[in-house]
Amino acid sequence: MISEEKFLELSREFLVERLGSKAEEIDANTELVESGILDSLMVLEFFFFLEGITGTAVDPGSATVESLATLRGAYQLVVAA
């Protein structure tokens, strides 16, 4: 299982690669959807990224906007997978 620290590091790298400076200040509790950092397409891309770094399928039924709203929430989703 991936540690939260490693998950946050990889997630930030993923977001900065795709969004540039807009994503540089993201921390574990930054609101990703409501702030506009993640739009609907980026939510899907981020979902597939989560599966890629964990090597396991994430249940689409549990992957709600709320569960992906912050990196901490996304990590909890991954840990539950």
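Values in this text are rule-based calculations from the coordinates and carry no lab data. Computed from a predicted model, the values in this text were never measured in an experiment. With ideal geometry, Cβ positions are generated from the backbone for all residues, glycine too; neighbour counts draw on all protein chains shown.
Karplus-derived 3J(HN,Hα) values for the stretch 16-31, using 6.51 cos²θ - 1.76 cosθ + 1.60 with θ = phi - 60°, are 5, 4, 8, 10, x, 4, 4, 9, 5, 9, 5, 10, 4, 10, 5, 6 Hz; glycine and proline are entered as x. Full extension of the chain segment joining GLU66 with LEU10 gains 18.1 nm, where the gain is 0.36 nm per residue of separation less the Cα-Cα distance. Annotation for the chain: GluC sites (Glu not before Pro) lying in DSSP loop with at most 13 further Cβ atoms inside 10 Å of their Cβ are GLU24, GLU25, GLU31, GLU34, GLU66. Helical runs assigned H by DSSP (4 residues or longer) give the chain a calculated mean residue ellipticity at 222 nm of -16000 deg cm²/dmol, each run adding -39500 (n - 2.57) before division by the residue total.
Taken along its principal axes, the alpha carbon cloud of the stretch 4-80 reaches lengths of 30, 23, 19 Å, longest axis first.
When only Cα pairs below 8 angstrom with a gap of at least 6 residues are kept, the chain shows a relative contact order of 35 percent.
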